[in-house]
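Some notes on the structure that comes next.
The values are calculated or read from the model by the stated rules, or taken from the named source; none is laboratory data. Here the structure is a predicted model, which means the values were calculated and not measured. Cβ sites come from the backbone with ideal geometry, for glycine too, and all protein chains shown count toward neighbours.
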Amino acid sequence: MAKKIKTCKDSFVTMTEMVLPNDTNTLNNLMGGRLMHWMDIVSAIAAQRHSNRIVVTASVDNISFSKAIQLGNVVTLNAFVTRAFSSSMEVYIEVTAEDIPSSKKIETNSAFFTFVAVDQTGRPIDVPEVKPETEFEKELYAGALRRRQLRLVLGKRMKPEDATELKEIFKIG
Ligand SMILES: CC(C)(COP(=O)(O)OP(=O)(O)OC[C@H]1O[C@@H](n2cnc3c(N)ncnc32)[C@H](O)[C@@H]1OP(=O)(O)O)[C@@H](O)C(=O)NCCC(=O)NCCS
């Protein structure tokens with residue numbers, strides 16, 4: 001049976017949070033762990049919207065914290081599924097922090113999380129394909145196979161010699 005196809009818009013989620021004292025470190029900046037928790041939630045909702053299934057986090061790509069988010073900032077997290085494989089889905093998350101009194105808004109983080117759709121017993125189950133529409137979505141879709149191979153090699157689930165897309169980039173072998 002042909003797979004169902006969904007767009008990135010179908011899975012798009014926006015989540016808004018305000019940084020409160022309990023979310024901060026001793027410098028009054030948002031703790032990295034709290035931000036990662038929000039990223040996990042927003043991306044899980046995107047993966048659920050895409051698959052209409054229970055999803056579990058399979059892996060998280062690297063996250064850099066180069067800009068601090070301050071107490072009182074309003075944090076917006078946007079997420080959508082960039083590409084789906086058999087049971088797994090790559091989700092892109094973009095984070096912005098807004099200081100409302102000064103009307104300043106900055107992009108602070110972005111990351112890719114991978115989720116797997118599972119049945120009631122926790123077994124992986126097939127998900128719809130993604131049809132990218134915008135140039136940005138197409139760019140993310142194209143890069144998803146390379147990123148999948150990288151994370152599977154790092155997770156020891158793929159032999160480096162089988163990672164054809166990566167070999168192409170690094171011109172190995
Ligand atoms: C993720 C999980 C469902 C994979 O189950 P599995 O029995 O290993 O299943 P498979 O080997 O058939 O892999 C299923 C899919 O997961 C993907 N996957 C597994 N490990 C992965 C990893 N580290 N990174 C990215 N994708 C991964 C596989 O590529 C496969 O994708 P595909 O179906 O699209 O090809 C299972 O390992 C699990 O339940 N993990 C715990 C999840 C969890 O509790 N998350 C919260 C952490 S606190």
(request) State which residue pairs qualify: first residue within 13 Å of VAL74 (Cα to Cα) and inside the range 19-32, second residue surrounded by 12 or more Cβ atoms within 10 Å (Cβ to Cβ) and basic (Lys, Arg) in any location, beta carbons under 7 Å apart, and separation of 6 or more residues or different chains. (result) ASP23/ARG34
(request) Looking only at the range 126-136, count how many residues are assigned to a loop (DSSP other than H, G, I, E, B) and buried (at least 16 other Cβ atoms within 10 Å of the Cβ). (result) 3
(request) Considering only the range 17-66, state which residues are farther than 12 Å from ALA111 by Cβ, of a type in the set (Ser, Thr, Tyr) and crowded, with 17+ Cβ neighbours inside 10 Å. (result) THR24, SER51
(message) Return the residues of the range 152-164 that are at pLDDT below 95 and surrounded by 17 or more Cβ atoms within 10 Å (Cβ to Cβ); say none if nothing qualifies.
(response) ALA163
(request) Read through the list (1) among the aromatic types (Phe, Trp, Tyr); (2) within 15 Å of the ligand (Cβ to nearest atom); (3) in a helix (DSSP H, G or I), then give the number of the only condition that PHE115 fails. (result) (3)
(message) Can you find, within the range 123-173, the residue that is farthest from the ligand (Cβ to nearest atom) among those that are under 24 Å from PHE80 (Cα atoms) and among the aromatic types (Phe, Trp, Tyr)?
(response) PHE136
(message) Exactly one of these conditions fails for ILE169: (1) within 24 Å of SER51 (Cβ to Cβ); (2) surrounded by 11 or more Cβ atoms within 10 Å (Cβ to Cβ); (3) more than 17 Å from the chain's Cα centre (by Cα). Give me its number.
(response) (1)
(request) Please specify each residue of the range 67-98 satisfying the condition of being in a loop (DSSP other than H, G, I, E, B), away from the ligand (no atom under 16 Å from the Cβ) and either surrounded by 21 or more Cβ atoms within 10 Å (Cβ to Cβ) or on the phi < 0 side of the Ramachandran plot (or both). (result) LYS67, ALA68, ILE69, LEU71, ASN73
(request) Go through (1) in a helix (DSSP H, G or I); (2) touching a residue at least 24 places away in the same chain (Cβ under 8 Å) one by one and return the number of the condition PRO101 breaks. (result) (2)
